[in-house]
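The block underneath contains the structure these notes are about, expressed in structure tokens.
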Amino acid sequence: MTSKISPHPRVRFAPSPTGYLHVGGARTALYNYLYAKKNGGEFILRIEDTDEARSTEESLRGVVDDLVWLNLLWAEGVDPKTLKDVGPLGPYRQSQRQDIYKKYADQLLNAGKAYYCFLTDEEIEKQREEAKAAGRSPHVNSPYQDWPLQKALEHIEKGNKGVVRFKTRGLAKDYTLNDLVRGEVKFPSDMVGDFVLLRSDGMPVYNFCCVVDDHLMKITHVFRAEEHLPNTLRQMMIYEGLNWPLPEFGHMALILDEDRQKLSKRKGAVACGLLKEEGYLASAVLNFIALLGWSHPEGKEIMSVDDMIQAFDISRLNPSGAIFDRVKFKWMNAQHLRALPNMELWNAIQPFLAREKMELPQDPVWQDKSITVFKPYMEILSDAIELYKPLNDKSYVILPEAEEAMKWESTKAVLTAWKELVSAHTSDYMTEEEFLKIQDEVKNKTGAKGKNLFMPIRVAVIGKPHGAELKILVPLMKKDSLIARAEKALAQL
Ligand code: GLU
């Protein structure tokens, strides 16, 4: 079959709003987006919501918000805020295009390339079982395929309901697709039987809508997941039936879990919204999914979207399955997170700290310093919660695990000396060196050493004998706060 390459590519992402945006969907959106940007084309968002029972406005809102979060913005489709149509070739929601599908179904019916079929589900099932028993292919063999259209219309007039089926008889030849990712894909001639275009309630099915829309929306390239390959054969037949040129197709390999099974949420979040909630950065999600099936020509791993646009080349799309390595994903997030300017990172962690209702200093100099200190310990934004928690005066409590250290004979002297030395410190904050010096002085004054020295001080600072390194934390704590905590600890002896 012929295909026409447009000098001005138009690609689309066509989610069905029946759930959340999955990382696989986000990757499809990203590759289409990169292709459009790289080649000066258009990226379109089409909403495939003909499954009325499963499509929801809430899901559409979620998918749109996730795409906006990822900054994969489209030129035509629905407005990200109002969800109303934008663009010259709309409507872009399939649920609003019924009349259009009807028109092309009629065209196929009139040309004898489709027919009304009145087989009941039971009859179809019976046929299938008989075919199976006789070792034949399980396709429907409809007695209605040769009915003249007029006869079928009269039958409908009388109150009978039928589906519109695409007639595959007479097309019996092997279809070959020159896939941009997989190369030559040959479909066996008996792979599909007469398939449904319109259901008996007049609702069109995905394959039919997809062809009509891709053609009318002037889509030049269709990049989508490999699981759509069987649909592509049906779509190629419909293109042929309507005498329309084929767009280019590229079917991307599946994303697999570490155990090489299809990616599932049992192993961890796969919904973009959940990744955001866990503290992954949009830039890291894009970077990571970009590399699930594509590679940079120089093997570059950490990339911005601009780097990807520059380097994107479909000849580097990999036809074999890509593994979703969660350890690598976290590592990559850490790289993106650590590359952020301090105050940007500070702002990014605020929603996470707010979850814990933390009250931290408003002083930007302190905020900047805290980020410098904690950045190397953060991989995802939510790591900030545990890092900052000890700095929140309101959450300072002496935990049961401190009990043992609080009972030692030398503890009182250690805590008293610690409190006095901190009180004598002349500025609001101390440096790491100053802290270590004070710790040494406590040792000299009390004779306590090893765990008898360190653990009580830890309790006086963070309420427990183990945990974050004090030389990192103490320089971020105001003298007054350290004194108040030491007093609280002393009061519990
Ligand atoms: N609505 C389909 C899906 O979500 C789109 C398939 C396609 O890109 O043609 O899988």
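The values are calculated or read from the model by the stated rules, or taken from the named source; none is laboratory data. Here the structure is a predicted model, which is why all the values come from computation and not from measurement. For neighbour counting, all protein chains shown are included, and Cβ atoms are generated from backbone atoms with ideal geometry for every residue, glycine included. These area figures cover heavy atoms from the full protein model, side chains too; ligands, DNA and RNA do not enter into them. Shrake-Rupley method; radii C 1.70, N 1.55, O 1.52, S 1.80 Å.
General remarks:
- G62 vs. criteria more than 12 Å from the ligand (Cβ to nearest atom), under 14 Å from A271 (Cβ atoms) and not in a loop (DSSP other than H, G, I, E, B): yes
- Matching residues in region 397-417 - criterion: being in contact (Cβ under 8 Å) with a residue 40 or more places away in the chain and hydrophobic (A, V, I, L, M, F, W, C): V397, I398, L399, A402, A405, M406, W408, V414, L415
- Of the listed requirements (1) touching a residue at least 40 places away in the same chain (Cβ under 8 Å); (2) part of a helix (DSSP H, G or I), E123 misses just one: (1).
- All of L263, L229, L246, L233 fail the test of being within 16 Å of the ligand (Cβ to nearest atom), within 19 Å of the chain's Cα centre (by Cα), of a type in the set (A, V, I, L, M, F, W, C) and under 29 Å from F208 (Cα atoms), apart from L263.
- Output for region 139-169, where each listed residue is open to solvent by less than 90 Å² (accessible area, probe 1.4 Å), out of contact with any helix residue (DSSP H, G or I) (no Cβ under 7 Å at 6 or more places or on another chain), in a loop (DSSP other than H, G, I, E, B) and of a type outside the set (F, W, Y): H139, S142, P143, Q145, P148, G159, N160, K167
- Residue that is least open to solvent (accessible area, probe 1.4 Å), among those in region 304-326 that are part of a loop (DSSP other than H, G, I, E, B) and farther than 16 Å from V285 by Cβ: F312
- Any hit, region 364-379, residues being under 30 Å from N32 (Cα atoms) and open to solvent by less than 60 Å² (accessible area, probe 1.4 Å): no
- Failed criterion for Q350 (all others in (1) in contact (Cβ under 8 Å) with a residue 40 or more places away in the chain; (2) within 25 Å of the chain's Cα centre (by Cα); (3) not in a loop (DSSP other than H, G, I, E, B) hold): (1)
- Near pairs, Cβ below 9 angstrom, 6+ apart or cross-chain, from region 458-475 (closer than 15 Å to P376 by Cα) to any residue that is open to solvent by 30 Å² or more (accessible area, probe 1.4 Å) and of a type in the set (G, A, S): L473/G467
- Of all residues in region 1-19, exactly one satisfies the criterion of being part of a loop (DSSP other than H, G, I, E, B), more than 10 Å from the ligand (Cβ to nearest atom) and modelled with pLDDT of 95 or more, namely P9.
- Scanning region 126-138 for residues being open to solvent by 100 Å² or more (accessible area, probe 1.4 Å) and touching a residue at least 40 places away in the same chain (Cβ under 8 Å) gives a total of 0.
- Of all residues in region 418-470, those being open to solvent by 80 Å² or more (accessible area, probe 1.4 Å), part of a loop (DSSP other than H, G, I, E, B) and within 24 Å of L387 (Cβ to Cβ) number 3.
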